[in-house]
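Structure first, then comments.
What follows draws every value from the coordinates through simple rules; no lab data is involved. Given the structure is predicted, the values throughout are model-derived calculations rather than measurements. Every residue, glycine as well, gets a Cβ built from its backbone with ideal geometry; the counts of neighbours run over all protein chains shown.
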Amino acid sequence: MSEQNNSRMIVLFVGSLFVVAMTMIIVIFVATRRPVVVVVPDPSGASAALPGQSATAPGAVGAGELPPPPPTVAVVRLDALPAIENPLDPAWESIATFEIPVEMQKTSEPTLDSLTVTHINLQAVHNSERFVWRLSWEQAEPSYRSNVAEFSDAVAIQFPLKDGAPFTMGGPDMPVAMMYWKALWQKDIDEGFQDVTSVYPNSWYDFYWFAKGTGPQPVATAFEDPASHQFMSGMAAGNSMSNPHRAQPAQELQAEGFGSSTDVPDSPVTARGIWQDGRWYVVFERPNDTVDPLIKRFMDNPEQQMLALAVWDGAAQNRGGRKHITNWIPMRIEK
Amino acid sequence: MVKRFNWQIGREQDYPYDAPPPKRQVAYVFDTNKCIECQTCTVACKTSWTSGKGQETIFWNNVETKPYGSYPQAWDSKLMDKCGGCEWEKNGEGDNQLYQLNSPTIFEKDGPDKPPLGHLPTERDYSSPNLGEDDITGMVDQGHHFEGLHPVWMFYLARICNHCDHPACLAACPRKAIYKRPEDGIVLVDQKRCRGYQECIKACPYKKVFYNIINRASEKCIGCYPRVEQGNVALCVESCIGKIRLHGFLTTDGEPRADNPLDYIVKIRKLALPSYPQFGTGPNVFYIPPVHVPNEFLEQIFGPNVEDAKKLYKALKDDRQLLGAMMLFGASDRILIRFEVQGDEAVGWDVDDKEVVRVPFTEPTYYRKHLDEKTGAYRQNTA
């Protein structure tokens with residue numbers, strides 16, 4: 001008899017433990033769940049609510065109180081567009097500016113731990129030939145040295161390539177496209193490839209194997225012989241980081257989730273950035289070419305497009321996932 | 001995070017990825033007692049692999065003087081500071097003696113799903129690779145003499161990538177651009193995928209991943225894999241004039257084999273010890289600790305088995321099997337995967353199971369006549 005009682009007690013005890021554990025698991029699951037928010041803008045083009053923009057990133061500034069819904073970014077149609085060569089073209093002054101708050105990337109490790117950029121000003125225009133976006137943000141001093149523990153300022157615009165792609169760099173079979181500009185590459189273009197002597201003006205090295213001429217043997221001119229690339233493994237492997245003959249300070253990337261971004265060769269993206277009086281001004285341009293899958297998406301549904309932004313503060317050691325981001329922002333292409 | 005067993009700390013530990021062990025694990029034994037810090041290994045590596053532009057301050061192989069030398073500066077003491085003290089618990093006695101680490105590894109210190117605990121050196125830390133070289137622990141005062149233990153000391157620590165069982169560089173890379181080869185456990189950076197975030201440099205406890213300012217990507221010791229694939233030892237091993245290094249493979253698909261010189265020295269006899277096992281990466285360069293250095297210092301580098309290893313080393317002359325394995329150091333440029341002591345010789349076989357080396361326990365002595373009758377020349381004793 002007493003044995004029966006014991007086993008009943010054990011069953012009751014284990015059963016109640018199971019119920020408590022299941023309840024805890026469900027509570028934890030619900031409490032920590034981060035819904036992927038995909039915002040489809042209001043077809044009327046009016047401002048669309050952006051539920052959970054800050055709630056999706058716990059710890060971000062303003063978490064807990066929803067920010068005012070961001071306006072739909074209008075891509076203004078103009079006959080004559082500002083010149084891409086000059087990101088400070090006065091023509092930009094008459095074009096609507098959207099002030100877009102950014103938050104810390106907290107979804108995927110490594111995360112950003114301190115917010116050093118608060119918002120990006122975005123302007124967008126297009127005509128029958130081109131799309132142009134201008135981004136500007138406060139940056140007390142520019143960072144563009146290539147060295148250990150030093151990182152470059154950078155900025156990027158992201159677009160979904162499929163409906164429902166998460167703003168967190170897309171997802172499996174949910175690709176996104178990005179236009180990415182980097183201050184170090186801008187310096188490469190403006191002042192020539194940032195060589196060892198750019199980082200260390202007083203450095204000397206006797207010679208590099210199979211490089212042409214005598215020291216300092218600039219990478220851009222003295223390393224034409226393929227034999228001279230045998231120690232330059234990144235360059236020899238075709239790494240887009242290691243290109244000393246960069247044509248643009250920007251590149252196009254595609255991704256299907258964090259850590260998967262891959263550069264798209266022969267991208268039509270051009271860009272130019274200028275730092276002036278404590279601000280970066282960066283212009284991205286893309287030909288209005290319907291063969292381009294992204295432009296085709298724009299044309300198929302000009303009223304309901306989306307973009308997201310990211311900005312990296314090099315001085316604050318931002319790189320990779322350590323970045324400031326936005327959720328999807330509705331974008332409307334004016335006719 | 002998954003749980004993976006780390007034999008060097010005697011317990012399971014957190015690691016972001018699970019994977020079967022490689023078919024065999026490349027490994028090295030360095031005898032610190034024999035190293036004279038001639039840097040021949042450093043130069044062999046530098047001229048072979050890192051003579052390019054952007055690699056000026058990169059040394060995949062370096063030799064530093066302990067306690068004051070370090071390249072990059074304070075790579076080890078900075079991480080020890082961040083980790084706090086480590087705690088070892090002794091279980092069992094004699095042959096069954098095992099130590100278990102009770103303090104957190106770098107994968108556990110900051111909590112689950114966080115990047116490994118680390119620090120990112122700056123350019124200054126790479127600018128003086130030989131700072132502290134040959135510095136001893138104190139002044140040699142008048143009257144100092146040797147009484148079995150040196151009152152002041154230093155020793156040389158030769159360092160390469162540890163091709164770890166649980167690499168922190170691999171764990172830290174958000175792009176999965178670092179991989180461990182299934183065939184031999186060599187850890188490599190994908191030179192096309194790396195975007196130069198330097199997370200691996202921050203995470204590697206040994207600071208053996210480097211940023212190349214021209215390629216703008218990370219680079220590291222490649223374990224001389226093109227040579228390993230042909231059964232040859234790494235260049236730092238072949239060039240070592242002091243014959244302090246043995247290069248081979250640890251068995252991963254079963255029990256350690258007594259006829260595998262690496263298994264025998266490292267796993268069976270425990271003469272050689274991993275460096276900083278408490279960090280939890282399972283390094284595969286094993287050091288025979290310097291017998292003249294106090295254990296207090298050595299134990300923070302090589303873990304709790306230092307005294308036993310020292311005792312074994314001091315008794316080597318009467319330990320024929322272990323001495324036989326030790327005689328294979330620097331004896332061949334082929335990787336030895338099997339050895340035997342046959343009579344008065346230690347014999348080694350390479351990866352093709354071909355006998356490639358036969359080392360006598362006692363070198364023969366030759367007496368030569370004053371007059372060389374073949375050439376008619378007189379030999380001078382110039383000693």
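Below is a table of values for the structure above.
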quantity	calculated
Cut-off under 5 Å, modelled amide H: who pairs with B:VAL357 long-range	B:GLY348
Which listed pairs, of A:LYS212/B:LYS208; B:LYS66/B:LYS176; A:LYS323/B:LYS53; B:LYS23/B:LYS220; B:LYS270/B:LYS317; B:LYS90/B:LYS311, have C-alpha distances above 26 Å, in listed order	A:LYS212/B:LYS208; B:LYS66/B:LYS176; A:LYS323/B:LYS53
Of all DSSP beta bridges in chain B, antiparallel share, percent nearest 5	90
Environment charge at B:VAL306 (Cβ cut-off 11 Å; Lys +1, Arg +1, Asp -1, Glu -1)	-1
Chain B: C-alpha gyration tensor shape, a/c 1.5 cut-off, then a/b vs b/c	rounded
Charge context of A:PHE223, other residues only, Cβ under 11 angstrom, K/R +1, D/E -1	-1
Cβ charges +1 (Lys, Arg) and -1 (Asp, Glu), total dipole of chain A, debye	840
Other-chain or far-sequence residues with amide H under 5 Å of B:TYR276's (modelled H)	B:PHE302, B:GLY303
Rounded to the nearest 20 debye, dipole of segment A:245-292 from Cβ charges on Lys, Arg, Asp, Glu	260
Farthest positive-ward along chain A dipole, Cα basis, beta-carbon charges - from A:ALA255, A:ALA149, A:ALA236	A:ALA255
Length-normalised contact order of chain A in % [C-alpha pairs under 8 Å, at least 6 apart]	24
Antiparallel DSSP beta bridges within chain A, as percent of all bridges there, nearest 5	90
For B:ARG159, residues with placed amide H under 5 Å, excluding near neighbours	B:ASN62, B:VAL63, B:GLU64
Rounded to the nearest 20 debye, dipole of the protein assembly as shown from Cβ charges on Lys, Arg, Asp, Glu	680
Percent RCO, i.e. relative contact order, over segment B:276-376, from Cα pairs under 8 Å lying at least 6 residues apart	16
Anisotropy class of chain A from Cα gyration tensor, a/c 1.5 cut	oblate
Segment B:86-186 shape via C-alpha gyration tensor axes, a/c threshold 1.5	oblate
Residue among B:TYR68, B:PHE339, B:PRO167 farthest towards the positive dipole end of chain B, charges placed on Cβ	B:PRO167
13 Å beta-carbon shell around B:ARG379, net charge (K/R +1, D/E -1)	+1
Relative contact order (percent, whole number), chain B, Cα cutoff 8 Å, 6+ residue spacing	20
Aspartates and glutamates with Cα under 17 Å of A:LYS296, excluding same-chain neighbours fewer than 8 positions away	A:GLU129, A:ASP163, A:GLU252, A:GLU285, A:GLU334
